[in-house]
Structures are given as C-alpha cells and as structure tokens.
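To start, the structure itself, in structure tokens.
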Amino acid sequence: MDYPVWNVPYLGGSMVIAVVAIIHVFIAHFAIGAGIVNALTETFALRRNEPVLRQFLRDHSRLLIILAFIGGAVTGVGIWFSISLVSPDATGLLIHLFLWAWAIEWIFFLVELAAAYIYYYTWDRLSPAAHCLVGWIYVLAALFTLVFINGIVTFMLSPGTSLDSSVRPMQFDFWAGLFNPTYWPSLLLRTISSLAIVALIIMVLVNASRRYSPQQRDLVVRHAGKFLLPLILMIPAAGWFFAASPEESVFYIKGGAIAMTLLFAFSLAASTLIGFFSYLAILIRKRSVNLETALLLLFIALIATGSSEFVREGMRKPYLIWDHMYSNGLLKSQVASLQKPGKKFDTSILRSTRWSIRPQDAGEVPFTDEDFLTYNPAALEKVKDTVRGRWIYDAQCLRCHCIDGYNGIRPLVYQWTPKMLVNALRELDKVKAFMPPFVGNQRDREDLAAFMHALNDPDKKTSPSCLGSGCHTLDTAQPVRPDTETSPDQPNQPEETEDQP
Amino acid sequence: MNPVPIPDYSSFFLPAWPWLLMALSTFTFWLHLLMVGVILGCTIFLCVRRLRYKTPTDLDRQLDSRILKTMPVSVSLAITLGIAPLLFIQVLYGHYFYTANIFIAWFWMASLAFLLLGFVAVYLAKLTWHQRWGVLFILLVPLMFVSIVYIFTNNAVLAIQPEHWLEFQRGLRHLHVHDAENYILLPRISIPADMLRHLASFSTPAGVAWMIALLFVVLNLFTAVNGILKPQETKWLVLSTLLPVFGMIGMLMARQQLRSDYLAREVAGGFDIYRDWTVQPQILPMIIFAVLLVAGLLVIGFMVYLVLKTRPSAPPSAAAEPVLAPVSTPSLPEHRDSNPS
C-alpha cells in the first residue's frame, strides 16, 4: 500500500492483468500440450508407421514457435509487468519467497526454447529417432516450467505454510509453499486442459488445410480425439482441487457468489461434455469432426479455461495471498496497527500510504512538496475532505474498483448516504466477505465517504473522467454532513447497510 | 531536502547472499545485452546493406538470408535471457524498481507493444525481404528495440533517483501534455564527481573492471581498423568481436557500483544491499538451480551437437510429398457432408 498507484480509467489495473494473463494461459497451455502431443504423436507415428501423422506435425510445428515464443514470451513478460504495476507489494513478496523457483523455471524455459527451435528447423536434418528425442526434451522442459509456475500460482490460494510477517524478517518454508495443498490437483487440471486445447487446435488445423484427403483428416482427428479423453476426469480433479482449497474460498463456488458458481458450473460441464463427445462420437462411433464443429469446440474450451481461471482468481478474495495479503496490498498482520481511533490527521492512513497523496490535487490550498515529504498534518487538514477521500480511495480501493467501468464504484454506491457509507466502511470485511477491511481512523472513513457520496451527487459537477483519472481537484464537493460523525465504537447499523442497491 | 518516502521492504528477506545475486544479475544481463546487440547489429547491418546495393548478387542474397534466418531465434533468446536479470533486479532493488515502473507505467506497458511489433517485424522482414518494401520491416526492428532500450534506461535511471519521483507524482504519469518535456529530458543523469572518483580509484573490483573495459574500448578501435584494412587476417576480426563482448562485463560492474552509490545517498534512503537486507539463504533450491543450470546448458549443447554432427540433407524432394493427397480431393465435399458433427 505504500507504493504509488497506477490508474487505468474504465478498465482498471486488475482487468489489464486479467486480459494479459488469460491470453498467456491459453498460449502457455498450448505450448505445454503441444509438446506432449507432438512427442507422443511422433513416437506413435514412427512405431506404427503412420507417415501422415508425422507429416501433419511437420506442417504445423511452426505454429508452436510463433505462438509459444512470440505470443507466449510477450504475454509472459506482460503478466510480470502488469502485476508489478498493479500489485507491487504482492509481486515483491512472491519474488522474494520464490526467487529460485522462478530462476529454475527460467532454465527450463531456456531449454524449451532451444528444443522448440531445433525441433522445428531439423525435420530434414536429424534422423527420425533423434528428432523424436528433441521432442521429448521439449516435453520435459515444458512440463517442468509448469511444475514450478503452478507452485507459485497455487501458493497464492493455499500457501501451505504460515507467513508471519510480524516476525522480521518473515519465516518461510520454501518446499511447503511450493508443493502446497492445491498444487497436485491444479497440476492435473492444467495438464488435462493443455492436452484438450491442443487436440482441438489440431482438429481445426487439419480441417482448415486442403492438403489432406478425407481419410487422412479422419485419421488425424481420431488421433487428436484421444487427447480430449482426459477431460472426463475434470469433475473428480476439480473436486480434489476444491477439497484442498481453504474452506472459506469454496464458499463462493457453492453459491456464495452466483456469477462464480455459474462460471464454475459452465467450465466444468463444458469440459466434461467435450470429453464425452470425444469418447462417444470420435473414438467409439468413429465419426469425424468438421471445421465448424472443431472451431466451436475450441472456443467453448477456451471460454471454459478462461472461466476456470476467473473462478480460481475470484476464490482468493479478499486476499491476493490467502490469509496473508489483501487484494489492495494490505497485510493482514498490519490491520490492527493501522486501525486508529479518533479523527486526528496525525493518525490518518495517509501517513502510511504517502504515494497516494498528490499535492497538485489540493488546488488552491497550499500543499507543498515539503508538506508531502514530511507528512504535515496541518497542511492535510486544509485540504478538502473529498480530495483526501480520493487519495484514500486510490490507496485502498483503486486496484479493484474503477470510478466508472469495470467494478465501478460510482454505481456500487449509488443512493448511499454518507452515514451508510461510513458505517459500511467501519465493518467492510463483515458487510461484504470478499472485501478487505478498511484501515484508518474515523476521519479517513468520513473523507472516503464524502468522496464516494460526491460521485453520485447531482448538485456537484464532478465529471467521471476527471474523477477517474485523478487529475483534478474536487473543488465543488462539500464536506461530509455532520450526522456522519459517529463514534468509532458505535455498532454497525445493518438496516442501513442492507439498503445497498 | 527531506528524504523521499521509500516503500517498506523490511518484512522481506533475500533468499541468497547479495554478492551472489549481484553476480547472477550482472552475468545474465550481460548475456541478454549480447543478444540485444546481435539483434541491433544484424538489423542495422541489413538495413545499410539493403539501402546500399542496387542489384543484389547471389552472395548478397545468401548472406542476407542466413542473417535473417537467425533473427527469430535471436529475438526469442534476447527476451528469454532478459527474464533472469529482471528477476534478480526485482529481488535486490524491487522497492525502487517497482516505484519507477509505476511512474512511467504507460511507457513501461508500451514496451510490450514495441516488443510484439519488433518480433512480428522480424518475421515479416524474413518473408518479404526480396520485395521492394521488405526493407521497411527490417527498419522497424531496430526502431522498436531501441525504443524499449530507451524506456528501460529511463526506468533504471529513475529508480536510482528518488529525488525526481515527486515530479512524476505531480502528474506526469497521467500523461499531461505540458509535462511531457520533463519526460523527454530523462535520463538526466550526470554522474557526481565523488562517485566518478570512487569508481576510478581502483578501490573496488568494479572500478578495476571499468578501467579494463575502457582499455578494451580503446584497443577495439585499433583491432577494428586492422580488421578492415587486413580482412584476410581473421585474428583482428576475432579480437574486435571479443574485446567489446568482455569489455561489457566491466561496464556492467561499473553500472552496479554506480547504482549502489546512488542509492546510498541520504536523499535516496541510504540503501545498502549488504547492510539493509536480511539474508536467509534457501540452500537446497539454490543448489538445484546451480545443478539445473549446468544440466540445462549441457542438454542444449547436446541438442546442438546432434544437429551439427549430421549434415543438412537436401530439401524435401517431391518424392516425400505423395504421402499427402492432392490439394483438392473429389471426395472432400461428400466426406464433410456425411460428417454428423
């Protein structure tokens, strides 16, 4: 929370991560699945003397290079860039905990890269057996990249080891963190998903090319259909995953958040149905799949993969790292020390989130660089409450909530009174289980409430774009009304907070 | 001036000793820069050649084709080799690095677009090289990669100068046009005299390495001129390649030293990686990394050996093709119609 904030109007930083990450997940799964399918297929083609299959691999191995090492490399770096901009605290923590896991993954990626290029360029040069060997080296390298990255990704949901940041420096068990409770089911799910995506891409490619006769096409389709079969295991694998997940996180899947329940159900049903389709239609009844059907199945599979990634990310709420760091970068262990009584500017949360203060927003009120650098409570007091509220919003809310657009705060607080807002902020994590607690003193709550209330006040000419970009002051906004000045000890008023739209 | 607030890093630990991480950072960054140098050198070389010759000879075509063939691999390698130094820099100086990133966030993200464009331009240049406008794509490649270098340099310079952060906080990151000139002025780094004296005093390994690197640069002028004048003597060519390659190590060490000196200033928070980081080495993962690094390089070497020990065969002959059906098959429509899917 003590980093500057990156404001992405309308889309939001978290959505930038999501877009880059989803594309990367598709490509990375393809790269891993393609390695396994290529090596198995080439070995099979050599042993069973099926030149068509080998020729098919040869025709399309360029796709592996282009997708995996242009798209994959760029989006992979893109994830790193975007997470460090949106959540530098979490990125920094993960880098320190798992430096060697990432470094080892890098070695495997280097081997994977070398193997892929050699595989692609040496169809005519290497003997079939040697070429096949290079394919298997690629498989091992690609699988081991997944082995390590999967550990870091699943650690965020089920750390598997206590992270006590109150002890300085933090104590950490590397292996327990890497091979955490959701590690193995996640590895299984991702491997199944990788194989399915590749199998469907093969069906699209073989149908899209006019190079193959119908018999040859059927042969390739039936061969690819075998790699869809593991999808039948999606339900037990997902069950295993959820059984290993923290109990509270599964609450959302079981109906706690209906959007997540539906996405999860769709993802699971679509994957399983594609698996059964493959078994019954392609393998048992020996039917083929035409281009349109292959494309449809591929898009369904990609949407299912995207949905399951969304669900996996959503399950972690309100945490970025389960039970340790909230989605806005706040450490769970910091909450008690950052909650302050009273209304003094000296104890404002802005002291801890200094880079959310933008002196230029103070407008005509003098707020100098020195006031910023020394944290001058007297200067802060002169700043409009809505401006201070905006700074607090930037520090604690902006990473997940735009003003307008994705997860927009304006519609979320429509028709809320300042009193309702202050009360909701006092018990935010209890009012909404997927929200982190608000940290700060009573003044901070009132300032944030004033800012949020001003967003929907028709009397105040606050344009969405200006509020969204954080460029200008909210000179027209009024201070929060006196009736919000409640004691910090005053209990929450559920009858008011339940009025939320 | 009061020190700028530096994000808190006190709850983190270093999973290895700082000297090791700095060595790995320098070594992997060196590898990365070599590949970036290869890309820039090759593309600029191709551009100049293409603009100079009017009617390419067969030799010209062969040389261009061989260089172009290596380009996609070089770009992939440059990106992959860039990941490791990025990792080590984050673990050593993350709290400075991330803050600088956020201040130039849109430029930082734009570097991804430049990377993608550069990569695509490499492939398009390869495909269209012999067409009249093929040169346009190869011109795009150095342009994109130099833009990335420019953004990364800005980031590195901004990260070690927290005294400039407040200027960015005041609005530049929102891309206000009237502040744009401030950005263009960066990197505004003029090395203070005391730091330069420290570096040139031979009191640190970095200082010694830097002096050797400067010597290499001077020697390189001599070897390069000799290489041009006596092209039949390959030793000059080899020397003028190796001198900058190894000289770069000294420059990178000097860069590390300067970074340390800059961050040690009071205005930058007086950060010292040896004093301020708590080290909790993760011994077993570290050993596995070292073993796998060696094993990985051996495997890559083995694959390259497999390729080199076999001579390239003739391009696939027509005899190999009959495996597949002709381009259009009469039975194709019927087959598709009969498909129940």
Some residue of the stretch B:127-135 being touching a residue at least 24 places away in the same chain (Cβ under 8 Å) and within 20 Å of the chain's Cα centre (by Cα): no
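Which residues, taken from the stretch A:123-142, are among the β-branched types (Val, Ile, Thr) and more than 8 Å from every other protein chain (Cβ to nearest Cβ)?
A:139
Just to be sure, is residue A:164 among the acidic types (Asp, Glu), out of contact with any strand residue (DSSP E or B) (no Cβ under 8 Å at 6 or more places or on another chain), in a helix (DSSP H, G or I) and surrounded by fewer than 22 Cβ atoms within 10 Å (Cβ to Cβ)? Outline the logic, then answer.
On the way: among the acidic types (Asp, Glu): yes; out of contact with any strand residue (DSSP E or B) (no Cβ under 8 Å at 6 or more places or on another chain): yes; in a helix (DSSP H, G or I): no; surrounded by fewer than 22 Cβ atoms within 10 Å (Cβ to Cβ): yes.
Judged against the criteria, residue A:164 is not a match.
Applying the selection to the stretch A:28-51, what residues are β-branched (Val, Ile, Thr) and surrounded by fewer than 20 Cβ atoms within 10 Å (Cβ to Cβ)?
The first filter runs over the stretch A:28-51 and keeps only residues β-branched (Val, Ile, Thr), leaving A:32, A:36-37, A:41, A:43.
Listed by number, the list holds a single entry, A:43.
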Subset of the stretch A:362-393 [farther than 20 Å from residue A:457 by Cα, touching a helix residue (DSSP H, G or I) at 6+ places or on another chain (Cβ under 6 Å) and of a type in the set (D, E, K, R)]: A:369, A:371, A:381
Pick from the stretch B:255-280, criterion surrounded by fewer than 18 Cβ atoms within 10 Å (Cβ to Cβ) and assigned to a loop (DSSP other than H, G, I, E, B), ranking: nearest to the other protein chains (Cβ to nearest Cβ): B:278
Single condition residue A:2 does not satisfy, out of (1) closer than 25 Å to residue B:123 by Cα; (2) modelled with pLDDT under 90; (3) not hydroxyl-bearing (Ser, Thr, Tyr): (1)
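Within the stretch A:142-161, is there a residue that is under 31 Å from the mean Cα position of the chain (by Cα), among the β-branched types (Val, Ile, Thr), on the phi < 0 side of the Ramachandran plot and not in a helix (DSSP H, G or I)? Before the answer, list the steps.
If we filter the stretch A:142-161 for residues that are under 31 Å from the mean Cα position of the chain (by Cα), which is where we start, we get A:142-161.
Remaining after also requiring among the β-branched types (Val, Ile, Thr): A:145, A:147, A:149, A:152-154, A:161.
Keeping just the survivors that are on the phi < 0 side of the Ramachandran plot gives A:145, A:147, A:149, A:152-154, A:161.
After this cut, where a residue has to be not in a helix (DSSP H, G or I) as well, the list is A:161.
For the stretch A:142-161, residues under 31 Å from the mean Cα position of the chain (by Cα), among the β-branched types (Val, Ile, Thr), on the phi < 0 side of the Ramachandran plot and not in a helix (DSSP H, G or I): present.
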The stretch A:138-161: number of residues that are surrounded by fewer than 22 Cβ atoms within 10 Å (Cβ to Cβ) and within 25 Å of residue B:309 (Cβ to Cβ): 2
Residue within the stretch A:419-440 that is over 28 Å from residue A:320 (Cβ atoms) and modelled with pLDDT under 85 present: no
Residue check, residue A:424 away from chain B (no Cβ under 14 Å) and assigned to a loop (DSSP other than H, G, I, E, B): no
Failed criterion for residue A:119 (all others in (1) within 7 Å of chain B (Cβ to nearest Cβ); (2) farther than 30 Å from residue A:174 by Cβ; (3) buried (at least 23 other Cβ atoms within 10 Å of the Cβ) hold): (1)
Candidate set from the stretch B:1-22 (those that are assigned to a helix (DSSP H, G or I) and either within 13 Å of chain A (Cβ to nearest Cβ) or modelled with pLDDT under 90 (or both)); member that is surrounded by the fewest Cβ atoms within 10 Å (Cβ to Cβ): B:20
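Listed residues B:58, B:64; which is more than 8 Å from every other protein chain (Cβ to nearest Cβ), surrounded by 15 or more Cβ atoms within 10 Å (Cβ to Cβ) and of a type in the set (Asp, Glu)?
Every option except B:64 fails the conditions.
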Checklist (1) of a type outside the set (Lys, Arg); (2) in a helix (DSSP H, G or I); (3) free of Cβ contacts under 8 Å to residues at least 40 places away in the same chain applied to residue B:107, failing item: (3)
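For the condition surrounded by 18 or more Cβ atoms within 10 Å (Cβ to Cβ), of a type outside the set (S, T, N, Q) and closer than 18 Å to residue A:102 by Cα, what is the one hit in B:284, B:292, B:297, B:306? Please lay out each step first, then the result.
On the way: B:284 fails: surrounded by 18 or more Cβ atoms within 10 Å (Cβ to Cβ); B:297 fails: surrounded by 18 or more Cβ atoms within 10 Å (Cβ to Cβ); B:306 fails: closer than 18 Å to residue A:102 by Cα.
After ruling out the rest, the residue left standing is B:292.
What helices (runs of 4 or more DSSP H) lie completely within the stretch A:316-399 and have 3 or more residues being without any contact (Cβ under 8 Å) to a residue 60 or more places away in the chain, over 27 Å from the mean Cα position of the chain (by Cα) and surrounded by fewer than 16 Cβ atoms within 10 Å (Cβ to Cβ)?
The qualifying helices (runs of 4 or more DSSP H) are A:369-374, A:377-382.
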Matching helices (runs of 4 or more DSSP H) fully within the stretch A:1-92 where at least 3 residues are more than 10 Å from chain B (Cβ to nearest Cβ): A:13-48, A:51-66
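Within the stretch A:202-292, which helices (runs of 4 or more DSSP H) (wholly inside it) include 2 or more residues that are among the β-branched types (Val, Ile, Thr)?
A:214-225, A:258-277
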Selection count, the stretch A:94-104, where residues are more than 7 Å from chain B (Cβ to nearest Cβ) and out of contact with any Phe, Trp or Tyr (no Cβ under 7 Å at 6 or more places or on another chain): 2
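The values are calculated or read from the model by the stated rules, or taken from the named source; none is laboratory data. These figures come from a predicted structure and were not determined experimentally. We place every Cβ from the backbone using ideal geometry, glycine too, and count neighbours over all the protein chains shown.
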